[in-house]
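What follows is a set of notes on a single structure, which appears directly below.
The values are calculated or read from the model by the stated rules, or taken from the named source; none is laboratory data. Note that this is a predicted model, so its numbers are computed, not measured. FYI the Cβ positions are ideal-geometry reconstructions off the backbone, even for glycines, and counts take in every protein chain you see.
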Amino acid sequence: MQESDIRERVRAEMSPERFSHTEGVVQVAGELAKKFGEDEHRARTAAWIHDIAREWPNEQQQQYAEKIEIPSGFALIPVLLHGPIAAHLAAEWFGISDQEIHNAIRYHTTGRIGMSNLEMIVCLADAIEPGRHYPGVDRIRELAEKDLVRALAESFDSTISYLLERHQPIFPLTVMARNDFWDQIQMSQSREETE
Ligand code: DGI
Ligand code: FE
Ligand code: FE
């Protein structure tokens, strides 16, 4: 299936605002893929699809989620369901069987331990596309110029702070992903020091 077919199907599932967010994510995901030596087409494909179910009514998301495999605990926080649903739709609607694309879509909201570069690229592009405005976003954009892990570590800290401030539930996987990024940063720093 052509990228333009996916784009038009995605457009039909969401508001113009969400669609322009998606276009931003596609653009940035493509750029990051190029910079960090990943496949641009796979990054853009995952980005097109990542929020395809984001505006479905809760009821529809819950119903769809009952029919597919959802990672443990996701169902406790309804806003997390749209990733796994979209990963499933990638196969069902677009015939995409690439597991890395599925995972980049499935975990774009929560992250997880041991994310691949493609997963990190989609997750980061979602956080820094040009339509995003929140405190610290410019610093994360700068970090994204040279260090995926560092940019994501800061991005997850920002998401977690945001949720804490609003007394929202924080999904354990989000915290574990955040810890994993900072762990990787510390390890590479101590490696540099012993060299
Ligand atoms: O779908 P988007 O709005 O483009 O962005 P997203 O999929 O990264 O995040 C969707 C929402 O989920 C956003 O408002 C932040 C929120 N979120 C992310 N991680 C968690 C979370 N909400 C809760 N309650 N817990 C989390 O761990
Ligand atoms: Fe999302
Ligand atoms: Fe998004």
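Worth a mention:
- Look at (1) surrounded by 13 or more Cβ atoms within 10 Å (Cβ to Cβ); (2) over 20 Å from residue 120 (Cα atoms) and you find that residue 174 fails only one, number (2).
- Residues that are surrounded by fewer than 18 Cβ atoms within 10 Å (Cβ to Cβ) and farther than 12 Å from residue 152 by Cβ were ranked within segment 105-115; the one that is farthest from ligand 1 (Cβ to nearest atom) is 114.
- Selection of first residues in segment 50-74 that are under 23 Å from residue 99 (Cα atoms) and of second residues that are among the basic types (Lys, Arg) and outside any loop (DSSP other than H, G, I, E, B), restricted to Cβ pairs under 8 Å at least 6 apart or on distinct chains, gives the following pairs, ordered by first then second residue: 51/18; 52/9; 54/18; 71/106.
- When segment 98-121 is limited to residues that are of a type in the set (S, T, N, Q) and in a loop (DSSP other than H, G, I, E, B), the one that is nearest to ligand 2 (Cβ to nearest atom) turns out to be 109.
- Any chance residue 161 is modelled with pLDDT of 95 or more, within 13 Å of the chain's Cα centre (by Cα) and away from ligand 3 (no atom under 16 Å from the Cβ): no
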